[in-house]
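The values are calculated or read from the model by the stated rules, or taken from the named source; none is laboratory data. None of these values were measured; they are calculated from a predicted model. Note that each Cβ is placed from the backbone with ideal geometry, even for glycine, and that neighbours are counted across all protein chains shown. With ligands, DNA and RNA removed, areas are computed over all heavy atoms of the protein, side chains included. Shrake-Rupley method; radii C 1.70, N 1.55, O 1.52, S 1.80 Å.
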Amino acid sequence: MKIVGIGAQIAQGKTVLAKYLTNKMDKWYNRSLATPVKQIFMDNFDVDQDFIEEWKRKDVPPPGFDLPIRDCLILIGDNFRKMLSSVWISKCFKDQVSNFIIDDMRYINETNYIRNNGGHTILLWRPSFENSIQNDSEQQFMPFVNKLKQLNFDGVIPKGLNIPFDLWIRNDGTLGDLYEKADKIIIPYINSVYEN
């Protein structure tokens, strides 16, 4: 399974990095675990994708709603996960195409699924953009971030650290710096693990 998953909290650069990688690598595509969550919201509240994207980072409810949109999406995602923890994984991999990058890993079971099925994962950290939102989707990866951010490196995570990711990337500079790390670290890594 040729899959790369990018995991991080909100506003760390996951989507930007995924888009850059798929633009640079031939026959790789983006995929999001949250796509069906957003579809459920759109179907039931008669809104479109643009509405969700406009409001999902605002801390106030849009007109006609009682909660901010991010909170609404979290409620859908978390409550379906309570019924079946792998529900969004199953949806994402249902119609599998080869060579895709998941741009929104938030849970350890997602990371484990990808790695257990021959995929590879990236943990992304953007200093000064950490949050303390008390939801598993924002906090499950933080113990690993806290351990790795003490070390001054980008690249392959040593196996002895017992961290369920393959690569550690610090998004600690400009957008150009992140793209340079993609070119020098991530793309060569992906090419090396999937050379056959």
Whole-percent carbon and sulfur share, accessible surface of the chain, 1.4 Å: 50 percent
Lys, Arg +1 and Asp, Glu -1 on Cβ, resulting dipole of the range 91-196 about Cα centre, debye, nearest 20: 280 debye
Distance between modelled label sites at Glu195 and Leu67, nm, 7 Å Cα→Cβ extension: 4.9 nm
Around Asn135: net Lys/Arg minus Asp/Glu count, Cβ-Cβ under 10 Å: -2
Scaled radius of gyration (Cα, divided by 2.2 N^0.38 Å) that the range 83-149 gives: 1.21
Cβ-derived FRET efficiency at R0 41 Å, Lys94 paired with Asp172, nearest 0.05: 0.70
Descending semi-axes in Å of the range 1-58, equivalent ellipsoid built from Cα gyration tensor: 25, 14, 11
Residues in the range 64-103 reached by a label modelled at Asn116 [backbone nitrogen below 18 Å; 7 Å Cα→Cβ]: 81-94
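Among 163-170, 187-194, how do they line up by average Cβ neighbours within 10 Å per residue, starting with the highest?
Per-residue Cβ counts within 10 Å, averaged per peptide and sorted highest first, yield 163-170, 187-194.
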Test item: Cα-centred dipole of the range 118-176, Lys/Arg +1 and Asp/Glu -1 on Cβ, debye: 180 debye
Per residue solvent-accessible surface (Å²) - the chain, probe of 1.4 Å: 53 Å²
Estimated FRET transfer efficiency (Ala11, Asn44; beta-carbon r; R0 30 Å; 0.05): 0.70
Computed over the chain: relative contact order in percent, which uses C-alpha pairs under 8 Å that are six or more apart: 32 percent
The range 113-177 - convex hull of the alpha-carbon atoms, volume per residue in Å³: 110 Å³
Calculated [θ] (222 nm, deg cm²/dmol) that DSSP helices of n ≥ 4 give over the chain, each run adding -39,500 (n - 2.57): -12000 deg cm²/dmol
Rg(Cα)/(2.2 N^0.38 Å) for the range 3-147, N = residue count: 1.04
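Can you give me the Rg/Rh ratio for the range 25-96, using Cα atoms for both radii and the Kirkwood formula for Rh?
Computed over Cα atoms, the ratio is 1.02.
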Check: the chain dipole with +1 on Lys, Arg Cβ and -1 on Asp, Glu Cβ, in debye: 620 debye
Which of Leu178, Asn162, Phe144, positive extreme of dipole for the range 137-190 (C-beta unit charges): Asn162
The range 73-196 pair-distance distribution - Cα-Cα, 10 Å bins, rounded %: 10, 40, 37, 12, 0
